[in-house]
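Novice: Got a structure for you, questions after.
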Amino acid sequence: MKRGLSRLLVRRILAAALILAFLSMASALPARAATLSDIAGRPDQAVIERVVAKGFMKGYPDGTFRPDASVTRAEFIVALARSAGLDPVQSPAKMLKDLPTSNWAAPLVYAAIAKGWVSGYPDGTFHPTANITREESMAVVAQRMGFEIRGMATHVVLDKVAGSDDLSEWARTAAAACVQEGMVTDVTKPTSAITRAQTAAYFPAILDYKEPATQSMILSTTTSTYDSGLLTFLIPIFEKSNHVKVKIISVGTGQAITTGRKGDADVLLVHARAQEDQFMADGFGLFRDDVMYNDFIIVGPASDPAKIKGMTNATAAFTKLAASGSTFISRGDNSGTNTKELDIWKAAGITPAGKPWYLSAGQGMGEVLMMTDQKQAYTLTDRATYLAYQKGGKINLPILVQGSQGLLNPYGLMPINPAKYPTVKVDLAVRFADFMTGLPGQELIKSFGVEQYGQTLFFPDSTEWKATRSLDIVLPGGKTIAYRLNDVRKFPVTTIKVYPQNNQSLTPVSYGGVQLIDILKVISPDLAAAERLTVIATATDGSHVTLDYNDIYNTSTGTKITVVYLKGGATLSTDDGFMALMTTNGTFLVNTVKYIYRLEISK
């Protein structure tokens, strides 16, 4: 009997202690949803009642919910932890200065920290009693739900969402994830403290959320996008954020296009424009998008028996290769690289097939590079695959020929036309196209290779990307005139001939460009005064050159020709990079606008 009374007494003491503890907290004792007097008739009444009934949030002892009251960091994290059924952590691995284990919220806050949902501040504090803002709450919810927010097309998701213009930059991707997954419908007042009603609104979406079923699609592509590591970098991001599993068929462009013609792929990523155009003309492609570009280069042994090092004209280099009888290894697989190689031989008037020095491997780019290294031969390769293999220690071949316009290597993306093959996953293919050509995807493409190889391996080239790049003309005094690329393209176009390395004995190459002399005239109508201007041109790879006005326009002769190379910062050199600026007869030309994103003109 005494033992039973003792147990009852203990229970009463514990109950009293709990009551005192709860009364000392900002949150109040549980109150049944039916007794919450201040939510009756509200549009969110049922939501709040459901959340309280689940025990995620609680009412106050006076029977109110106080829906417009703010929520602290601790209160918000505890509510989320309850919704996930987290086990309290009584002995955290690392204590926060202002969150002792005796704090009512500490066990569940530490449980959330262990899950990676939230963290403390750099000074070792948590600020449990500070109010949490809407954008902070969305960041935590995105982590709690495991949403993939890297690479999210935030500008698309948030385009017409109320309040999105007020989001802090760091919070935009998390907010986009919450909008896309149905956690919120607006992000108004994102930097203001979240209310109890707004907090409650999360939970029905959290409880009812179902992970989208994983679908699959087939991407048929050239080997360079795979061998370089680009797809290994990009595809997991697309898969995670779109709940898609991508099967990659990495073959030459010719085989990839054949795969598309048979309907055995959903989307193609290739680099042979003539074949792509024919594919579209035959009705097999739904559309074609520019995606990116890099360039082709000629590599070979350091001894260079053909003596082609430093040349920029691939046709002239191939002519010397053939004359020297030096071994050349061709991919021989109808790939984009093989197609470019055959075009160069044709331009040189040479048929290499059957020659003892010409070997056709029928292999991908990586295998051909290793074969070239083993045989100390020559080959044509895309720069991205070359860098991946050279920096990876698989080959040791110097770049011998590079830098001409004719060696540009553009890539196109084509979803298969469902009118030809109704079973293709056209919705996923279009979604992949949007990912690759949208600004976030283009930024990812631009970033690839910088950390590992010290340079960009592929340059963004989509229509959306090009439309957002601008030419900024910075005037003395800080005034700026900005020209978007589409505006610049409206200027008159002039085509001229430029002799490689100013050697008129070599075959001239024709270039077309945008005439920008009128921009200079806008800045300084008096051309004599314009001579005192300095022009700084910055390329998409970050390199730049500085020109005096006399380098652009020689007022005494009016015939000065200046050729500027921007890649790697080289100036007036043919050893590295793409030709971007040139002038003749007083005309300032941009050869191809996409290589330049900024012009600063000042005195």
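The values are calculated or read from the model by the stated rules, or taken from the named source; none is laboratory data. Just so it is clear, the structure is predicted and the values come from calculations on it, not from any experiment. Counting neighbours? That spans all protein chains shown, and the Cβs are built from the backbone with ideal geometry, glycine included.
Novice: Among the residues of the range 240-256, is there at least one that is within 19 Å of residue 380 (Cα to Cα) and at pLDDT 95 or above?
Specialist: There is no residue in the range 240-256 that is within 19 Å of residue 380 (Cα to Cα) and at pLDDT 95 or above.
Novice: Moving on. I need the full set of residues from the range 65-86 which are in a helix (DSSP H, G or I) and either over 18 Å from residue 54 (Cα atoms) or of a type outside the set (S, T, N, Q) (or both), in order please. Don't jump to the end; show me each part of the working.
Specialist: So the first thing to find is which residues in the range 65-86 are in a helix (DSSP H, G or I), and the list is 73-84.
Answer for the range 65-86, where residues must be in a helix (DSSP H, G or I) and either over 18 Å from residue 54 (Cα atoms) or of a type outside the set (S, T, N, Q) (or both): 73, 74, 75, 76, 77, 78, 79, 80, 81, 82, 84.
Novice: Look through the range 193-252, keep the residues that are of a type in the set (S, T, N, Q) and in a strand (DSSP E or B), and return whichever of them is surrounded by the fewest Cβ atoms within 10 Å (Cβ to Cβ).
Specialist: 216
Novice: Take the conditions closer than 17 Å to residue 365 by Cα and of a type in the set (Asp, Glu) and apply them to residue 295. Does it pass?
Specialist: Numbers: closer than 17 Å to residue 365 by Cα: yes; of a type in the set (Asp, Glu): yes.
Spelling it out, residue 295 is indeed closer than 17 Å to residue 365 by Cα and of a type in the set (Asp, Glu).
Novice: Can you say whether residue 258 is outside the structural domain of residue 367 (by TED's automatic domain parsing), in contact with a helix residue (DSSP H, G or I) (Cβ under 6 Å, 6 or more places away or on another chain) and either more than 28 Å from residue 443 (Cβ to Cβ) or surrounded by 15 or more Cβ atoms within 10 Å (Cβ to Cβ) (or both), as far as the supplied structure shows? First the steps, then the outcome.
Specialist: Working: outside the structural domain of residue 367 (by TED's automatic domain parsing): yes; in contact with a helix residue (DSSP H, G or I) (Cβ under 6 Å, 6 or more places away or on another chain): no; either more than 28 Å from residue 443 (Cβ to Cβ) or surrounded by 15 or more Cβ atoms within 10 Å (Cβ to Cβ) (or both): yes.
Against the criterion (outside the structural domain of residue 367 (by TED's automatic domain parsing), in contact with a helix residue (DSSP H, G or I) (Cβ under 6 Å, 6 or more places away or on another chain) and either more than 28 Å from residue 443 (Cβ to Cβ) or surrounded by 15 or more Cβ atoms within 10 Å (Cβ to Cβ) (or both)), residue 258 does not qualify.
Novice: Follow-up question, since we're still on this one. Tell me yes or no: at least one residue of the range 427-437 is in contact (Cβ under 8 Å) with a residue 60 or more places away in the chain, over 20 Å from residue 228 (Cα atoms) and not in a helix (DSSP H, G or I).
Specialist: No, the range 427-437 contains no residue that is in contact (Cβ under 8 Å) with a residue 60 or more places away in the chain, over 20 Å from residue 228 (Cα atoms) and not in a helix (DSSP H, G or I).
Novice: What single numbered condition from (1) surrounded by fewer than 16 Cβ atoms within 10 Å (Cβ to Cβ); (2) in contact with a helix residue (DSSP H, G or I) (Cβ under 7 Å, 6 or more places away or on another chain); (3) charged (D, E, K, R) fails to hold for residue 331?
Specialist: Condition (1) is where residue 331 drops out.
Novice: Give me the helices (runs of 4 or more DSSP H) completely within the range 328-415, filtered to those with at least 1 residues that are more than 33 Å from the chain's Cα centre (by Cα), ordered by residue number. Break it down stepwise before answering.
Specialist: Details: elements: 336-348, 365-375, 383-391.
Of the helices (runs of 4 or more DSSP H) lying wholly inside the range 328-415, those with at least 1 residues that are more than 33 Å from the chain's Cα centre (by Cα) span 336-348, 365-375.
Novice: So, in the range 159-191, how many residues would count as being within 22 Å of residue 42 (Cα to Cα) and at pLDDT 90 or above?
Specialist: Step one: of the range 159-191, the residues within 22 Å of residue 42 (Cα to Cα) are 162, 182-189.
In the following step, the residues that additionally are at pLDDT 90 or above were identified as 162, 183-189.
Total satisfying the criteria: 8.
Novice: Return the total of residues in the range 165-192 being in contact (Cβ under 8 Å) with a residue 12 or more places away in the chain, farther than 15 Å from residue 133 by Cβ and part of a helix (DSSP H, G or I).
Specialist: 5
Yes or no, residue by residue, for (1) basic (Lys, Arg); (2) more than 12 Å from residue 292 (Cα to Cα); (3) at pLDDT 90 or above; (4) not in a helix (DSSP H, G or I):
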residue	(1), (2), (3), (4)
422	no, yes, yes, yes
440	no, yes, no, no
446	yes, no, no, no
451	no, yes, no, no
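Novice: Something else about it: Check whether at least one residue in the range 371-378 is under 17 Å from residue 321 (Cβ atoms), of a type in the set (Gly, Ala, Ser) and surrounded by 16 or more Cβ atoms within 10 Å (Cβ to Cβ), and report yes or no.
Specialist: Yes, the range 371-378 contains at least one residue that is under 17 Å from residue 321 (Cβ atoms), of a type in the set (Gly, Ala, Ser) and surrounded by 16 or more Cβ atoms within 10 Å (Cβ to Cβ).
Table: residues versus (1) over 29 Å from the mean Cα position of the chain (by Cα); (2) not in a helix (DSSP H, G or I).
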position: 88; (1), (2): yes, yes
position: 92; (1), (2): yes, yes
position: 102; (1), (2): yes, yes
position: 109; (1), (2): yes, no
position: 127; (1), (2): yes, yes
position: 143; (1), (2): no, no
position: 160; (1), (2): no, yes
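Novice: Provide a single number: the residues in the range 272-297 that are among the aromatic types (Phe, Trp, Tyr) and assigned to a strand (DSSP E or B).
Specialist: 2
Novice: Right, next: Got at least one residue in the range 307-327 being closer than 30 Å to residue 435 by Cβ, crowded, with 24+ Cβ neighbours inside 10 Å and in contact with a Gly (Cβ under 9 Å, 6 or more places away or on another chain)? Let's see the steps before the verdict.
Specialist: In the first step, residues of the range 307-327 are kept if they are closer than 30 Å to residue 435 by Cβ; the result is none.
The answer is no; no qualifying residue exists.
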